[in-house]
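Peer 1: One structure, as structure tokens, below. Some questions next.
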Amino acid sequence: MKQSFSFALKMSSALCVLMSAIVFFSCSHSEYSDFEKTETGLMYKFYTKGKDTARAHYGQVVRIKMAKRMGDSTLESTAMVGPDGMEQMIQKPIFKGAIEEGIVLMGVDDSATFMINTDSINKYFPAKDSTKNFKPHSYLAFDIKLLKIRTKEEVMQEYEMNKQKYIQERKGKESQELGQYIQDNHVVVKPTDKGFYLIETEKGKGASPKDGDSVVVHYTGSFLNGTIFDSSVKRGKPFSFVVNAQGERSVITGWNEAIKMMKKGTSATIILPSSLAYDSTGYMNPQTGKYFIPPYSPMKFDIQLLEIFPKK
């Protein structure tokens, strides 16, 4: 009789523990009860389905509108960048249940919410300050609407087409920009036979540098609208280079031509057509793909020739 009672007591206790666990699980996940789950644990819920049955694939480029939420608080949103969303290449996920797995479930005009486990995000994308990691055992919500799916080749083709169009537009504007600047600023000096303007504001003394000489200068470079793009003066460190050198310390053609017309101590403003500066290529930021210096940009440099070291 005692053994039967003891066994019944144990079964009753185990049942209570089991029921408590079930109740706890149900309560803590009730808000996700209408979500589906992939084999890797990614929870998702679709709101709208587009007519196109084609799905995105890894390696393709998608345009999406996305908001990242923790509960009801929006942490990031493409709406903060622009109304047209953002383009992103779909990389293979680095952990199970990552957002990329959700995007490849989508087609054009689909909208859905995906729940990503914060434990995985903290592990694979930890904050520099560990105290700013996401709360463990929680979920980040990603609300996504997929607008367009394209191949990498299609994106590159469009990029190149737009790039060439922009270059041609810049080519057509340069002459007008340069002429307008000369007129508005009452530049009376004539251009050199190389096509640039040199306006001395302070005359130096002695000989001018020759090919192979090393020079030290201070300079400020700006576009003709006054926007400064580089300045050794602001950095507080003069710049040195070898006149008409090739390689690492070489400078644009206009600098080489202008510096050979200056003497030590000379301060001058030089106005360069793009053909003596960055020409049709401009200078592009390799990380963003955006032009730091656009093609066909005439520009102005204020230069002070500090030192000349003759070639040995």
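Taken together, the values in this text are just the output of simple stated rules run on the coordinates, not laboratory data. Please read these numbers as outputs of a predicted model, since none were measured by experiment. Ideal geometry is used to build each Cβ from the backbone, glycine not excepted, and the neighbour counts take in all protein chains shown.
Peer 1: Any idea how far apart F292 and T253 come out in nm if each label point goes 7 Å out from Cα toward Cβ?
Peer 2: Calculated label separation equals 2.2 nm.
Peer 1: Next question, about the same structure. For n ≥ 4 DSSP H runs only, could you compute -39500 (n - 2.57) per run for the chain, divide by its residues and tell me the 222 nm figure to the nearest 500?
Peer 2: Computed ellipticity for the chain at 222 nm equals -8500 deg cm²/dmol.
Peer 1: Which one, L105, Q60, G265, is farthest towards the positive end of the dipole of the chain when Lys and Arg carry +1 and Asp and Glu -1 on their Cβ?
Peer 2: Positive-most Cα among the choices belongs to G265.
Peer 1: While we're here: Taking the Cβ of each residue in H186, H218 as the centre, tally the other Cβ atoms inside 10 Å and list the residues starting with the fewest.
Peer 2: H186, H218
Peer 1: Right, here's the next one. On a 0 to 90 degree scale, rounded to 10, what angle separates helix 2-29 from the longest Cα axis of the chain?
Peer 2: Taking Cα atoms only, the helix is inclined about 30 degrees.
Peer 1: Sticking with this structure for a sec: Between (i) 119, 48, 33; (ii) 59, 58, 38; (iii) 77, 42, 36, which entry matches Cα extents along the principal axes in Å as derived from the coordinates of this structure?
Peer 2: Of the listed options (i) 119, 48, 33; (ii) 59, 58, 38; (iii) 77, 42, 36, (i) comes from this structure.
Peer 1: Can I ask one more? Among the lysines, which fall within straight-line cross-link reach of K37, defined as a Cα-Cα distance under 27 Å, with same-chain neighbours fewer than 8 residues apart omitted?
Peer 2: Cross-link targets: K45, K49, K51, K65, K68, K92, K96, K123, K135, K145, K148.
Peer 1: Which whole-number percentage describes the relative contact order of the chain, with Cα contacts under 8 Å and a sequence gap of 6 or more?
Peer 2: 15
Peer 1: Tell me which of V189, G179, M156 sits at the most positive position along the dipole axis of the range 154-309, charges placed on C-beta atoms (Lys, Arg +1; Asp, Glu -1).
Peer 2: So the residue furthest toward the plus end is V189.
Peer 1: Further, regarding this structure: Run the numbers for K260 and M161: contour at 0.36 nm per residue of separation, minus the present Cα-Cα distance, in nm.
Peer 2: So the extension gain works out to 31.6 nm.
Peer 1: What are the ³J(HN,Hα) values, in whole Hz, obtained from phi via the Karplus relation 6.51 cos²θ - 1.76 cosθ + 1.60 with θ = phi - 60°, for each residue of the range 202-208 in sequence order, with x given for Gly and Pro?
Peer 2: Rounded to whole hertz, the list is 8, 8, x, 9, x, 7, 8.
Peer 1: Springs between alpha-carbon atoms under 10 Å, Gaussian network over the chain: tell me which of Q180, Q246, Q287 tops the mean-square fluctuations.
Peer 2: Top of the fluctuation ranking is Q287.
Peer 1: By count of other Cβ within 10 Å, fewest leading, how are E177, E39, E169 ordered?
Peer 2: E39, E169, E177
Peer 1: With +1 assigned to the C-beta of every Lys and Arg and -1 to the C-beta of every Asp and Glu, and no other charges, what is the dipole magnitude of the chain about the Cα centre in debye, to the nearest 20?
Peer 2: I would put it at about 760 debye.
Peer 1: Apply 1/(1 + (r/R0)^6) to the Cβ-Cβ distance of F95 and N285, taking R0 = 25 Å, and write down the FRET efficiency to the nearest 0.05.
Peer 2: With a Förster radius of 25 Å, E is 0.25.
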